[in-house]
C-alpha cells in the first residue's frame, strides 16, 4: 500500500455508495468528471480504486485521484463526499 491512504470514514462512505449502487458524479483532481453507478472497490499493492459501471463497461478510478463524489440520488443520506480530507486507515 502506498504511503498516502484515505481516512477510514471515507472508505466507509465509499463502501456504502457502492453497496447501494448509487449513481454518482466523480470529480477528479485534474478537473474532469466521470458519471456512472458506484459498483465496488478494488485494491492492489500500489493503490485503491473505485469501480464505476457505465452501461456495459466498468471503469476503475484511483481513489487518490478523486477530489470529491456527488451522489445523484436525492434519497442518499450523504450527497457530497470530499476525498481530500486528512486522515488515514494505515495502522
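The values are calculated or read from the model by the stated rules, or taken from the named source; none is laboratory data. Every value quoted in this text rests on a predicted model; they were computed, and no experiment measured them. Virtual Cβ from ideal backbone geometry, glycine too; neighbours counted across all protein chains shown.
Condition check: assigned to a strand (DSSP E or B), touching a residue at least 40 places away in the same chain (Cβ under 8 Å) and surrounded by 13 or more Cβ atoms within 10 Å (Cβ to Cβ). Does residue 24 satisfy that? When the stated conditions are applied, residue 24 passes them. Restricting attention to the stretch 43-68, the residues that are surrounded by fewer than 17 Cβ atoms within 10 Å (Cβ to Cβ), touching a helix residue (DSSP H, G or I) at 6+ places or on another chain (Cβ under 8 Å) and in contact (Cβ under 8 Å) with a residue 40 or more places away in the chain add up to 1.
Looking at 10, 64, 6, can you tell me which residue is in contact with a strand residue (DSSP E or B) (Cβ under 8 Å, 6 or more places away or on another chain), part of a helix (DSSP H, G or I) and modelled with pLDDT under 90? Every option except 10 fails the conditions. Would you mind telling me which numbered condition in (1) surrounded by 12 or more Cβ atoms within 10 Å (Cβ to Cβ); (2) touching a strand residue (DSSP E or B) at 6+ places or on another chain (Cβ under 9 Å); (3) at pLDDT below 95 residue 78 fails? Condition (1) is where residue 78 drops out. None of 46, 53 is over 9 Å from the mean Cα position of the chain (by Cα) and part of a loop (DSSP other than H, G, I, E, B) except 46.
Starting from the stretch 69-91, take each residue that is closer than 17 Å to residue 50 by Cα and list its partners that are surrounded by 11 or more Cβ atoms within 10 Å (Cβ to Cβ) and modelled with pLDDT under 75, counting only C-beta distances under 6 angstrom and pairs at least six apart or across chains. Close Cβ pairs (under 6 Å, with a partner that is surrounded by 11 or more Cβ atoms within 10 Å (Cβ to Cβ) and modelled with pLDDT under 75) amount to 89/5. Tallying residues that are surrounded by fewer than 16 Cβ atoms within 10 Å (Cβ to Cβ), in a strand (DSSP E or B) and touching a helix residue (DSSP H, G or I) at 6+ places or on another chain (Cβ under 7 Å) within the stretch 27-40 yields 1.
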